Amino acid sequence: MNIDFNKNNDGLVPAIIQDNTTKNVLMLGYMNEEAFLKTNESKKVTFFSRTKNRLWTKGEESGNYLELVSIKNDCDNDTLLISVNPKGPTCHKGTDTCWGEENNPDFGFISRLEGIISERKKLSEQKPELRADKSSYVVSLFDAGINKIAQKVGEEAIETVIEAKDENDDLFLNESADLLFHYLILLQAKGFTLKDIVKVLEGRH
């Protein structure tokens, strides 16, 4: 790997730390060549601390190490993207990231949809006369209870199977979307989210 440590006068290059599983950015540090070599040797991310003016292995005091997975160099050979498996919080303030965010997996639109379903669930816990949205389909499902929600998942599963046996891709995709949507509702009705299912799947492989 050709890293241009001489591009900056201090011999340092930025090192972006990314969780290998969630793909969230955890922190930004700086490496000189010695820190880079030690990181590869120890498999624990080591920086050059500008405040301590020495090499600093993340977690050397707290035990919250960043276990190395891979290192990539950018197109200009002067910025590193380091994938890690974090052992505990990354920030010295005790948060998952140095931006104060939780290091949760993000499934894009599906995660946003889960957020909307969560809001509807909270709305269903209010008295009907106090609800801002009195015509929400999702709220009506939560009102009906777990049996109704589970029944809807079963109905959508059957309809998806039926469309899978035909040749109409548009109907199959729409039924698949309905099935996933109602399954996300069922998960939250049971107190879970998609990340709990991902953990189970990860545990099998």
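The values are calculated or read from the model by the stated rules, or taken from the named source; none is laboratory data. What you are looking at is a predicted structure, and each value in this text was computed from that prediction instead of being measured. Please note: Cβ atoms are built from the backbone with ideal geometry, for glycine as well, and neighbour counts cover all protein chains shown. Heavy atoms of the whole protein, side chains included, go into the accessibility calculation; ligands, DNA and RNA do not. Shrake-Rupley method; radii C 1.70, N 1.55, O 1.52, S 1.80 Å.
Of all residues in the range 175-192, which are under 19 Å from Gly108 (Cα atoms) and either in contact with a Ser or Thr (Cβ under 8 Å, 6 or more places away or on another chain) or in a helix (DSSP H, G or I) (or both)? Selection gives Ser176, Ala177, Asp178, Leu179, Leu180, Phe181, His182, Tyr183, Leu184, Ile185, Leu187, Gln188.
For the range 26-43, the tally of residues that are closer than 18 Å to Asp96 by Cβ and crowded, with 17+ Cβ neighbours inside 10 Å stands at 3. Scanning the range 130-163 for residues that are among the hydroxyl-bearing types (Ser, Thr, Tyr), open to solvent by less than 60 Å² (accessible area, probe 1.4 Å) and in a helix (DSSP H, G or I) returns Ser140, Thr160.
Conditions tested, residue by residue: (1) touching a strand residue (DSSP E or B) at 6+ places or on another chain (Cβ under 9 Å); (2) open to solvent by less than 30 Å² (accessible area, probe 1.4 Å); (3) touching a residue at least 12 places away in the same chain (Cβ under 8 Å).
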residue	(1), (2), (3)
Asn24	yes, no, yes
Lys52	no, no, no
Thr57	yes, yes, yes
Gly63	no, no, yes
Leu80	yes, yes, yes
Val84	yes, yes, yes
Cys98	yes, no, yes
Asn104	no, no, yes
